[in-house]
Amino acid sequence: MSLILGIETSCDETAAAVVERGRVIRSNVIASQFDLHEPYGGVVPEIAGRAHLERLAPVIEQALTEAGIDLEDIHAVAVGNRPGLIGSLLIGVSAAQALAWRLDVPLLGIDHVLAHLYAPVMRLPTDVSDEHAPDGPYPALGLVVSGGHTTLYLAHDPLNVDILGRTIDDAAGEAFDKAAVMLGLPFPGGPNLDALARTATQTVDPPLPRGLLRPDTLNCTFSGLKTSLLYRVRGHPVGRGKEARFTRDHHDLSPDQRAALARGFQEAVVDTLIAKLESAIAMPHTEGRAPKSILTGGGVVANSLLRSELERLGGRVGLPVHIPPSALCVDNAAMIAGMAWHRLRRGERDALDLPAVATSSLTQSRAPRPSVRH
Ligand code: KG4
Ligand code: ZN
């Protein structure tokens, strides 16, 4: 029961992968739809759904070919069935249901956000089949930063996590994408803003605000930062309500000013995330539940500054920080197939009428309210 075919279609990447024993990635195929959504400056759900429909079968075939196996060699089919764009999720879920039925193998629905948290574990030398092995990563602090989520977790094992804190408004990736639009950068915003920030010779003065909120919460916010950037780029609006107008835009900035604003924005997001992680580390943890490592995942973890600051944080606090390679940060099916193995091992499987669900299974915090020491 070790070869799992994973399918991922929650947003704008059509992906399939074959993973052995939850960790050995035999293939990981990702067909990005950047070209289709670029003219609109963001993901168009209707276009995404249609593109998944056209691309999924060839992507699955390629994943099987690269893994050197036939469809009949698969022991289970896993699919990211939540959260995401419902029209996109439905394509992957329908395909997975059909394959599991035709092959008569277990079907497993996987929460996409939890799979992001599992991605770094796949690269560890430790065999996590014993999740509580002394040299294993659990219990771990987890940080998932993507286009839809910015959440801090306490992960007890790959399948059991408590939410410690989250953004109360925009996800960091969403903020990156909107900031990129303000700075006149093309879609996809996050990677382009990252590239522009790296060219900056200076940062903005005064700095952009850090959305840290109160110190007794591990929640954060990015909407104030976004508004601050808007005003730095376009000036304060003239007039009120519907009459409000901006008198300038990014065309009025010099290349140096744009790069400095990109760097300042990136620094503010990264500082906020690192500060919240530090608060979570400083939090009193009950006996035997103190985190042994930090797990990170989601598209924004591909950000160059966040990656280097996470490494520095690990050094400061003396905890190993596990950061996936970029191909496992962005949406992929290897993390879906990998995580499904842990469910399969526990004898779990889903019914063939597995639903596609727009929200994450973890919407409410199951953790006690943290009292943070400062
Ligand atoms: O995890 P992901 O691929 O999809 C979701 O589950 O949302 O994350 C996509 C997000 C987008 O907002 C994208 O702009 C952002 O990750 N992203 C980045 C970088 N690469 C991707 N943000 C900042 N810097 C990057 N290098
Ligand atoms: Zn994702």
**Message:** Whether any residue in region 115-124 is touching a Phe, Trp or Tyr at 6+ places or on another chain (Cβ under 8 Å) and within 24 Å of residue 300 (Cβ to Cβ) is what I want to check.
**Reply:** yes
**Item:** Flag for residue 235 being in contact (Cβ under 8 Å) with a residue 60 or more places away in the chain and surrounded by 13 or more Cβ atoms within 10 Å (Cβ to Cβ)
**Value:** no
**Request:** Scan region 21-46 residue by residue and report those that are buried (at least 17 other Cβ atoms within 10 Å of the Cβ), away from ligand 1 (no atom under 14 Å from the Cβ) and at negative phi.
**Result:** 23, 25, 26, 27, 29, 44
**Complete:** So the helices (runs of 4 or more DSSP H) completely within region 277-367 holding 3 or more residues that are within 16 Å of ligand 2 (Cβ to nearest atom) are 326-329, 334-345
**Prompt:** Given (1) within 16 Å of ligand 2 (Cβ to nearest atom); (2) in a helix (DSSP H, G or I); (3) modelled with pLDDT under 95, where does residue 42 come up short, assuming only one miss?
**Reply:** (2)
**Asked** Just wondering, is there one or more residues in region 357-374 that are at pLDDT 95 or above, more than 16 Å from ligand 1 (Cβ to nearest atom), more than 15 Å from the chain's Cα centre (by Cα) and surrounded by 18 or more Cβ atoms within 10 Å (Cβ to Cβ)?
**Response** no
**Item:** The one condition in (1) touching a helix residue (DSSP H, G or I) at 6+ places or on another chain (Cβ under 9 Å); (2) modelled with pLDDT under 95; (3) over 23 Å from residue 171 (Cα atoms); (4) surrounded by fewer than 22 Cβ atoms within 10 Å (Cβ to Cβ) that residue 105 fails to fulfil
**Value:** (2)
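Tally up the residues in region 159-187 that are under 14 Å from residue 115 (Cα atoms) and either surrounded by fewer than 24 Cβ atoms within 10 Å (Cβ to Cβ) or within 16 Å of ligand 1 (Cβ to nearest atom) (or both), please.
Of the residues in region 159-187, the ones under 14 Å from residue 115 (Cα atoms) are 159-161.
Within this subset, residues satisfying the condition of being either surrounded by fewer than 24 Cβ atoms within 10 Å (Cβ to Cβ) or within 16 Å of ligand 1 (Cβ to nearest atom) (or both) are 159-160.
The total comes to 2.
Would you pick out the residues in region 4-28 that are within 16 Å of ligand 2 (Cβ to nearest atom) and touching a strand residue (DSSP E or B) at 6+ places or on another chain (Cβ under 6 Å)? Steps first, please.
Initial filter on region 4-28 (within 16 Å of ligand 2 (Cβ to nearest atom)): 6-17, 28.
6, 7, 8, 10, 13, 14, 15, 16, 17, 28 - these are the residues of region 4-28 that are within 16 Å of ligand 2 (Cβ to nearest atom) and touching a strand residue (DSSP E or B) at 6+ places or on another chain (Cβ under 6 Å).
The values are calculated or read from the model by the stated rules, or taken from the named source; none is laboratory data. As the structure is a computational prediction, the values presented were derived from the model and not from experiment. Glycine also receives a Cβ, built like all others from the backbone with ideal geometry; neighbour counts cover every protein chain displayed.
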